[in-house]
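Just below is one structure, and these are the notes that go with it.
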Amino acid sequence: MSIRIYNTLTRKKELFEPLTPGQVGMYVCGPTVYDSCHIGHARSAVVFDVLGRWFEANGYAVTYVRNFTDVDDKIIRRAAELGMDCKTLADRYITEFYADMDALFVRRATIEPKATEHIDDIVRIVSVLIEKGAAYAVGGDVYFAVDAFDGYGKLSGRKLEDMAAGARIEVDARKRNPFDFALWKSAKPGEPSWDSPWGPGRPGWHIECSGMSSRFLGRTFDIHGGGKDLIFPHHENEIAQSEAAFGVPFARYWVHNGFVNINHEKMSKSLGNFLLIRDILATYHPEAVRLFLLGNHYRSPVDFTRQAMEEAGVALEKIYGAMARLDTHRNIVPGQAPAPGGGQHWHRFSRAMDDDFNTAQGIGVLFDLVRAVNRTLDVTDGELSPGQTALLVAARSDLQRMGDILGILNCDAHDFFEGKKAQGLEQAAVDPAWVEQMIAERRDARKEKDWKRADEIRTLLAEKNVILEDRPDGTGWKIG
């Protein structure tokens with residue numbers, strides 16, 4: 001087990017060495033639940049889902065904590081706009097988040113805390129920071145004093161003096177430094193609040209994650225993750241307040257995924273290109289969405305376009321097509337055990353994943369294996385030698401193992417194509433019995449060497465968007 005991770009904190013790849021041998025503690029910032037989840041949320045969720053799967057495949061016991069921010073300025077504003085209380089709003093979007101993630105085959109995290117459930121943990125940390133002189137109370141609010149933490153800026157590479165020179169931030173005369181940030185916000189009329197030594201109020205966003213991560217993973221843990229947009233100020237502030245309070249390193253490895261652009265533009269509500277997960281899944285297969293999101297290295301941006309999604313859909317069909325051919329071959333018994341250890345393609349896939357979770361390269365290896373399977377089945381004309389059978393049994397096992405890591409191949413291949421076929425037939429208003437009748441007539445025409453009629457039938461079916469697939473074991477079909 002030699003997994004290497006790019007650490008945002010050190011700006012280089014490092015050999016992963018867990019705090020406790022055989023265990024991984026990972027905290028990933030979850031959604032602020034004031035609205036429906038978009039494709040950017042999906043990328044972060046899928047990326048860290050795959051990281052967890054890969055650690056587990058390598059024998060680690062993973063404790064994965066992904067939180068819900070269920071009290072925040074955005075939630076309060078949205079609840080007021082809709083005329084409902086904050087908890088009702090947050091619960092609605094937590095339920096919707098789970099529906100989106102389940103549809104994308106994103107596994108539940110080990111622990112999924114809500115910020116409102118950990119007010120006591122948060123208050124304790126704020127109290128320690130005040131005692132240590134790293135925070136101060138002003139009129140019921142509590143601020144972290146950035147000047148009190150020498151390492152401020154080490155994650156983002158920003159220096160306070162440089163930021164101050166070009167600062168355009170709202171001036172608050174109560175702050176000792178313009179970059180001091182809120183740990184506790186005093187209660188305002190109509191807002192949710194909790195009792196504290198500084199009066200009723202609610203936590204700031206940054207301190208929520210420090211409270212929850214320390215509660216479940218300890219003061220120092222292995223991996224902290226999230227999108228690149230969280231590096232500053234959120235993760236920078238988490239480090240400052242946690243290390244100032246506890247006097248020990250916070251997270252040892254910082255992992256950040258890149259953005260999702262839409263047609264070469266940054267996704268933004270103001271640009272009208274804000275794509276919700278549920279809307280995307282109404283058009284594209286969830287496993288195609290996963291393939292798209294994992295098709296670039298997780299630290300690189302991905303560009304969501306119709307062409308990219310259609311290509312991902314075609315790629316998914318090719319993978320399932322290889323599995324279907326393996327599963328229906330008379331020489332390959334379903335569930336037949338391959339030789340232990342995996343074949344050369346699995347070892348190549350493993351090397352890619354060990355190198356900073358390079359799913360893009362891993363998917364390339366997967367398609368090398370798909371092509372190898374199809375070539376072998378094409379040249380054998382349906383008959384396999386014992387050696388070829390053993391290789392294909394191993395190939396099927398390796399395909400499924402790769403699929404399990406990437407979160408695809410969750411369906412039986414036959415069911416996948418039947419589902420695609422049923423969806424396509426409904427959209428194209430084509431009767432499957434008529435398609436089968438046409439295929440039978442074409443088969444008879446070919447036997448009679450009536451090539452003209454056979455071509456006419458293929459053309460007729462193509463006009464209905466029915467694509468024929470002539471194979472040694474017969475003619476299959478699908479909706480194009």
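For this structure, a couple of remarks:
- Within the straight-line cut-off of under 26 Å between alpha carbons, the lysines reachable from residue 478 are 318, 420, 421, 447, 449, 452, 464, sequence neighbours fewer than 8 places apart in one chain being disregarded.
- Cα-derived Rg over Rh, computed across the chain with Rh taken as Kirkwood radius: 1.07
- log10 of Debye I(q)/I(0), alpha-carbon scatterers only, for the stretch 1-102 at 0.10, 0.13, 0.22, 0.23 Å⁻¹: -0.39, -0.60, -1.12, -1.18
- Remark: relative contact order (the stretch 124-246) = 30 percent; criterion is Cα-Cα distance under 8 angstrom and separation of 6 or more residues.
- Listed residues 460, 230 arranged by accessible area, highest first, probe 1.4 Å: 460, 230
- Protection proxy ranking of 275-283, 233-241 - average other beta-carbon atoms within 10 Å, highest first: 233-241, 275-283
- Helix-only CD estimate at 222 nm, as mean residue ellipticity for the chain, using -39500 (n - 2.57) per DSSP H run (n ≥ 4): -15000 deg cm²/dmol
- Cα centroid separation, the stretch 199-275 to the stretch 31-66: 14 Å.
- The Kirkwood hydrodynamic radius of the stretch 73-226, based on inverse pair distances between different Cα atoms, is 17.7 Å.
- Cross-link reach is defined here as a Cα-Cα straight distance under 18 Å, omitting same-chain residues fewer than 8 places apart; for residue 266 the aspartates and glutamates meeting it are 229, 303.
- The chain: relative contact order as a whole-number percent, Cα under 8 Å and 6+ apart: 15
- Pairwise label distance in nanometres, residue 259 with residue 274, each label 7 Å out on the Cα-Cβ vector: 1.6
- Counting only DSSP beta bridges whose two residues both lie in the chain, roughly 50 percent are antiparallel.
- Take the chain with all the other protein chains still there, run a 1.4 Å probe, and you get 47 Å² of accessible area per residue.
- Cα-Cα over 25 Å, subset of 154/188; 12/132; 132/185; 154/228; 74/175: 154/188; 12/132
- Rounded to 10°, Cα long-axis angle of helix 39-57 versus longest principal axis of the chain: 80
- Between 0 and 90 degrees, the angle of helix 119-131 with respect to the longest Cα principal axis of the chain falls at about 40 degrees.
- Residues whose placed amide H lies under 5 Å from that of residue 477, excluding near-sequence neighbours: 469
- Here the accessible area of the stretch 13-111 is 51 percent carbon and sulfur, with a 1.4 angstrom probe and all protein chains present.
The values are calculated or read from the model by the stated rules, or taken from the named source; none is laboratory data. Because the structure is a prediction, the values reported are computed rather than measured. Methodologically, a virtual Cβ is constructed for each residue, glycine included, from the backbone with ideal geometry; neighbour enumeration extends over all protein chains shown. Side chains included, ligands, DNA and RNA excluded: accessible areas come from the protein's heavy atoms. Shrake-Rupley method; radii C 1.70, N 1.55, O 1.52, S 1.80 Å.
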